[in-house]
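Some notes on the structure that comes next.
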Amino acid sequence: MRTLVVGAGAVGGYFGGRLAQAGRDITFLVRAKRAEEINSKGLQILSPHGDLTLHPKSITVEQITSPYDLILLAVKSYALAGAMNDFAPAVGPETMILPVLNGMRHMDLLIARFGKNAVLGGVCLVATEIDQEGRIQQLTNFQTISYGELNGESTPRLQKVDDTLCGAGFDASISNHIMEDMWQKWVQLAALGSITCLMRGNIGDIAAIPGGADLSLAALRECSGIASACGYPPSDAFLGQQTVQLTRQGSKLASSMYRDLRKGAPVEVDTIVGDLLERGRKHGLATPLLEATFVNLSIYQHGLVQARAASS
C-alpha cells in the first residue's frame, strides 16, 4: 500500500522508519525544516532492537499530487488541526486514516472532517523521544501497534493494512475491539500522566513516599470510573496490571507528558486530561485528582505560550 506517514517525530518517525526499512512504500509528510534534516542527516533511530539510519522519501504539503492508500497519523494532539489541513489533499475515496494519537477527541475531529468510513481505530505502545541531535531514541523494548474497524468487523481493507504493517520489525495486529483498546490506553495514560505530572516524579519516586501509592490508585479509579460511565469499562485484567505498575517500588516508569514537562515542552493536557475530565463531568463524577492535574498543567501550558509571545 502507498502509505503516507504524517509526523516524522518520535512515534511516526519510529514506526515509519521501521516500515521503510522493511521495504514498504513509505513517504513522510513533513515541514520544510524536518525535510532538510532528513535529507542531510537521514532518519536516525537508536533502539534496543537495532540502530538505524535511512533516507526515506519525504514530501511537503505542496508536493502532494494524488491520494494515498493509507495515512498513518502520528502527531501530537495539539498539532492535529494543522495536520488535517496538510494531509487533506492525500485523502481519496478509498483512503484509510490510521491515527495513533492519545485520547479520543481526535476520532471525533477526523470523522467530522473525512467521514466515518475513512477512519480506523489505532493504538500504539512505544516509548520514544527526540534527543538533542534530532535522533529518535527508543527508551524501552516494547513496540506494538494494533488497528481495527470502529465497528469491530473484519474487512478486506483491514487485511491489506495488516499485510502492510506486519513483519516490519515491530509487533502489529488486528483488533476486533479497537474502541475498547483505545479507551483502556486512555485510562492508562491519564492515570500515569496525572500522577507523575502532579507529583513531579516517576512511579518509584511516588511509591517511596507514604501515601504515594494510594494517590496513584486513586487516579486510576477516577480515570477508569469515567471510562465505565462512558460505556467502556476497563477489564479486570487491565486494572490488575495497572495497579501493579502504578505502585511498584523502585519503578522508573513515567509518562510521556511528564518527560515533556521536564523538558519544558508543550504537553497534551487538553486531550489526555481535559477531555476525559469533561466527559466525567457530564456523568456527574467527582474527579479531584484529574481536576488538580488539569489546572496545574494548564497553568504550565499558558506560561509557555506567554514566554514564547514575549520572546517573539
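Nothing in this text is a laboratory measurement; each read-out follows from the coordinates by a stated rule. All figures in this text were calculated on a predicted structure; none of them were measured in a lab. Using ideal geometry, Cβ is built from the backbone for each residue, glycine included, and neighbour counts are taken over all protein chains shown.
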Gain on full stretching of the segment that runs from ALA81 to ASP214 - 0.36 nm per residue minus C-alpha separation: 44.1 nm
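Quick check on packing: order 182-194, 200-212 by the mean number of other C-beta atoms within 10 Å, highest mean leading. Numbers along the way, then the final one.
On the way: 182-194: 25.2, 200-212: 15.8.
Descending mean neighbour count gives 182-194, 200-212.
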GluC sites (Glu not before Pro) lying in DSSP loop within the range 1-108, provided at most 14 other Cβ fall within 10 Å: GLU94
Under 5 Å, built H, 5+ apart or other chain: amide partners of SER175: TYR147, GLY148
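Place a +1 charge on the Cβ of each Lys and Arg in the range 3-176 and a -1 charge on the Cβ of each Asp and Glu, then give the dipole magnitude about the Cα centre in debye, rounded to the nearest 20. Walk me through the numbers before you get to the answer.
Details: 14 positive and 17 negative charges, 51 e Å.
Its charge dipole is roughly 240 debye.
Under unit Cβ charges (Lys, Arg +1; Asp, Glu -1), what dipole magnitude, rounded to 20 debye, does the chain have relative to its Cα centre? Spell out each step's value before the answer.
Values: 27 positive and 29 negative charges, 103 e Å.
Here the size comes out at about 500 debye.
For the range 1-155, what value does the Rg/Rh ratio take when both radii are computed over Cα atoms and Rh is the Kirkwood radius, given to two decimals?
Details: Rg = 14.8 Å, Rh = 15.7 Å.
Reported Rg/Rh (Cα atoms, Kirkwood Rh): 0.94.
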Taking the range 3-176 and dividing mean pair separation by its residue count, relative contact order in percent (alpha carbons under 8 Å, at least six apart): 23
The chain, Rg to Rh (Cα coordinates; Rh as Kirkwood inverse mean 1/r): 0.96
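I need the calculated FRET efficiency for the pair LYS160 and ALA88, taking r as the beta carbon distance and R₀ as 25 Å, to the nearest 0.05.
The calculated FRET efficiency here is 0.65.
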For the range 14-80 and the range 157-179, distance of Cα centres in Å: 19
Computed label-point distance, nm, for sites ARG308 and LEU109 using a 7 Å Cα→Cβ extension: 1.4
Helical mean residue ellipticity (222 nm; -39500 (n - 2.57) per DSSP H run of 4+; nearest 500) of the chain: -14000 deg cm²/dmol
Cα→Cβ-extended label distance, 7 Å offset, between THR60 and LYS33, nm: 1.3
Stretch gain in nm, segment GLN241-HIS177, where the contour uses 0.36 nm per residue and the Cα spacing is subtracted: 21.1 nm
Largest-first principal axis extents, alpha carbons of the range 160-312, Å: 49, 41, 37
Between helix 236-245 and the chain: long-axis angle, C-alpha atoms, 0 to 90°, nearest 10: 80
Between helix 32-41 and the chain: long-axis angle, C-alpha atoms, 0 to 90°, nearest 10: 80
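Please list 292-300, 8-16 highest first by mean number of surrounding beta-carbon atoms within 10 Å per residue. Write out the running numbers ahead of the final one.
Numbers: 292-300: 17.3, 8-16: 24.2.
The peptides rank, most packed first, as 8-16, 292-300.
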